[in-house]
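**Q** After the structure tokens below, expect a handful of questions from me.
Read-outs throughout are calculated quantities, based only on the coordinates presented, and are distinct from any laboratory measurement. Just so we're clear, the structure is a prediction, and the values are computed from it rather than from any experiment. Cβ: placed from backbone, ideal geometry, glycine included. Neighbour counts: every protein chain shown.
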Amino acid sequence: MSQIELFNIKHKEYKTCRTCIHRERWRCGGSIIQYCGKRKSNRTFNNLKKIKVTDIACELYQDKQ
Ligand code: SF4
């Protein structure tokens, strides 16, 4: 592989929480926090796991379509 090609490597396609039907957007004060509606957490007030839209999808992922 040439040096030029190494600058143009494309990311491998993978799914993230962004396109999952279980992603929930909660308004907290002036900001929006993303939670997973499926996965639980003991550390959040609503017992939902806090996520980032860029997190790589877990096995509970379901496409939005
Ligand atoms: S991919 Fe997993 S963690 Fe992310 S929103 Fe969907 S179910 Fe939740």
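**Q** Eigenvalues of the Cα gyration tensor times 5, then square-rooted: what semi-axes does that give for the chain, in whole angstrom, largest first? Kindly include the intermediate steps, with their values, before the conclusion.
**A** Values: eigenvalues 196, 39, 22 Å².
The three semi-axes for the chain are 31, 14, 11 Å.
**Q** Roughly what would the spin-label model give for A57 and E13, points 7 Å off Cα along C-beta, in nm?
**A** So the two model labels end up 1.1 nm from each other.
**Q** Please give, to one decimal in nm, the separation of the simple spin-label points placed at L6 and N46, each 7 Å out from Cα toward the Cβ.
**A** With each label placed 7 Å out from Cα toward Cβ, I get 4.5 nm.
**Q** Please list 38-45, 26-33, 3-10 highest first by mean number of surrounding beta-carbon atoms within 10 Å per residue. Don't skip to the end; give the middle numbers.
**A** Working: 38-45: 11.1, 26-33: 9.1, 3-10: 7.0.
Listed from highest to lowest mean packing, they are 38-45, 26-33, 3-10.
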